[in-house]
Amino acid sequence: MRKFIVAISGGSGALYSLKVCESILANGDELFLVTSEPGRRVLSLETSINLSGKTEKDLKILLEKFGANYKNQIHIHHENDVGASIASGSFKTDGMVIIPCSTGTLGSIANGISRGLIERAADVVLKERRKLIIVPRETPLSLIHLKNMVKLTEAGGIVMPASPGFYHIPKSVDDLVDMVASRVLQHLEIESSIIKQWKG
């Protein structure tokens, strides 16, 4: 059973994070979830899932969403809990994705600033040479945003904008969400049949 960190920050695109979380659990892997206050606000606005930042309460909500059988696979950490397991390099994980990733969170990570557990966990993943994926949705992008993306890429991170393709002829919003989520899962090396690979 592998261990993956998923962080939800304040950018739009909460549906992407839910699809990735669902796929990690369905694959039999462990999910370590961290949400920021703005991330929870967007999650509520876009999906009507109302997380509170209280770990036990939020676990109950997520088990209702994903299924009670995943109880032993879901681990929720408070955004201010910088003493959490995922804040230490000695705790081995198999990758982290921040989805969606606000440009503020991106800027902090790119410049080595840890304001809370999301940034600290990302900093640990980078320094331990593990896989970090960030999924920004912001548009247009300023020169500051672009320079921060370059910094993060040079540090070993993967910048994967939430830009779905259309060659698979999407018929719904869910199809577009699946397209982005499937690319994230591919880079985390998680088996998924959400989208069939393009074969030309």
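The values are calculated or read from the model by the stated rules, or taken from the named source; none is laboratory data. Just so it is clear, the structure is predicted and the values come from calculations on it, not from any experiment. Note that we place each Cβ from the backbone using ideal geometry, even for glycine, and neighbour counts take in every protein chain shown.
Please enumerate the residues belonging to segment 37-54 that are part of a helix (DSSP H, G or I) and of a type in the set (S, T, Y). Spell out how you get there, then give the answer.
Quick first cut of segment 37-54, residues part of a helix (DSSP H, G or I) only: 37-47.
Listed by number, the residues that qualify are S44, T47.
Could you go through segment 60-73 and let me know if any residue there is of a type in the set (A, V, I, L, M), over 20 Å from D123 (Cβ atoms) and buried (at least 17 other Cβ atoms within 10 Å of the Cβ). Can you show your working first?
In the first step, residues of segment 60-73 are kept if they are of a type in the set (A, V, I, L, M); the result is 61-63, 68.
Then drop every residue that is not over 20 Å from D123 (Cβ atoms), which leaves 61-63, 68.
Now narrow it down to the ones that are buried (at least 17 other Cβ atoms within 10 Å of the Cβ): 62.
Looking through segment 60-73, at least one residue is of a type in the set (A, V, I, L, M), over 20 Å from D123 (Cβ atoms) and buried (at least 17 other Cβ atoms within 10 Å of the Cβ).
Applying a threshold of 7 Å to beta carbon distances and a minimum spacing of six or more residues, or different chains, the list of pairs starting in segment 96-114 at a residue that is under 12 Å from V150 (Cα atoms) and ending at one that is buried (at least 23 other Cβ atoms within 10 Å of the Cβ) and β-branched (V, I, T) reads L106/I134.
Within segment 74-84, track down each residue that is touching a residue at least 12 places away in the same chain (Cβ under 8 Å) and loosely packed, with under 15 Cβ neighbours inside 10 Å. Walk me through how you get there before you give the answer.
Here is the first cut: in segment 74-84, the ones touching a residue at least 12 places away in the same chain (Cβ under 8 Å) are 74-82, 84.
Correct list: N80 only.
Counting only residues that are assigned to a helix (DSSP H, G or I), touching a strand residue (DSSP E or B) at 6+ places or on another chain (Cβ under 8 Å) and not β-branched (V, I, T), which one in segment 18-36 is surrounded by the fewest Cβ atoms within 10 Å (Cβ to Cβ)? It comes out as L25. Being of a type in the set (A, V, I, L, M, F, W, C) and part of a helix (DSSP H, G or I) is the filter; apply it to segment 170-200 and report the residue that is surrounded by the most Cβ atoms within 10 Å (Cβ to Cβ). Once the filter is applied, the top-ranked residue is A181.
Among residues of segment 126-147 that are in contact (Cβ under 8 Å) with a residue 60 or more places away in the chain and β-branched (V, I, T), those with a beta-carbon under 8 Å from a residue that is in a loop (DSSP other than H, G, I, E, B) and crowded, with 17+ Cβ neighbours inside 10 Å at least six positions away or on a different chain give the pairs V135/G13; V135/I99; V135/P100; V135/C101; V135/M160; V135/A162. Looking only at residues in segment 37-55 that are at pLDDT below 95 and small (G, A, S), the one that is surrounded by the most Cβ atoms within 10 Å (Cβ to Cβ) is G53.
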